[in-house]
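Accompanying notes for the structure given below.
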Amino acid sequence: LAIQALGENCGIKSVSLVHPSMLELKDFEQAQGPVLLLTSKDDQELNEEFAVVKAKPFGQLSYQERYNDRIHGFCGARGDFTDPEVVRDVNRVIQLTAGFFHESLK
């Protein structure tokens, strides 16, 4: 998982997690860089875990957004790209991710 690599001091500076799964509190505790967390209605609530990252020195660069109208995988193979609202949200995820990496990798 990307967030685990962020905690291993292997050169990863920040991570974007789009409709993630199988995350644990320790992943957030060990993170050594900013995290972009974008979850769907099917993904676990990670507010408490994300608060751990926000409290770290780089926390101001971390950001979280939840898509309560979207299924897990909406940005990938499970996305209904015939639905204009899904396309809108996927484009937002792409913009957020690009902006996040632009800021967090300066």
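The values are calculated or read from the model by the stated rules, or taken from the named source; none is laboratory data. Owing to the predicted nature of the structure, the values given are computational and were not obtained by experimental measurement. Using ideal geometry, Cβ is built from the backbone for each residue, glycine included, and neighbour counts are taken over all protein chains shown. The area values use the complete protein model at the heavy-atom level, side chains included, leaving out ligands, DNA and RNA. Shrake-Rupley method; radii C 1.70, N 1.55, O 1.52, S 1.80 Å.
Some values worked out for this structure:
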item: Fraction of beta bridges assigned by DSSP in the chain that are antiparallel (%, nearest 5); result: 0
item: Added length on full extension, which subtracts the Cα-Cα distance from 0.36 nm per residue, GLN32 to LYS13; result: 6.1 nm
item: Accessible area of the chain belonging to carbon and sulfur atoms, whole % at 1.4 Å probe; result: 52
item: Amide N proximity, the stretch 49-84 versus LEU1 label position 7 Å along Cα-to-Cβ, cut-off under 13 Å; result: 49-50
item: Residue-normalised accessible area of the stretch 15-106, given per residue in Å² at a 1.4 Å probe; result: 57
item: Relative contact order of the chain, defined on C-alpha pairs under 8 angstrom at six or more residues apart (%); result: 25
item: Accessible area, probe 1.4 Å, largest first, for residues HIS19, HIS72; result: HIS72, HIS19
item: Probe 1.4 Å, all protein chains present, accessible-area order of LYS106, LYS26, largest first; result: LYS106, LYS26
item: Pairs of alpha carbons in the stretch 47-106 whose separation is greater than 17 Å (percent); result: 50
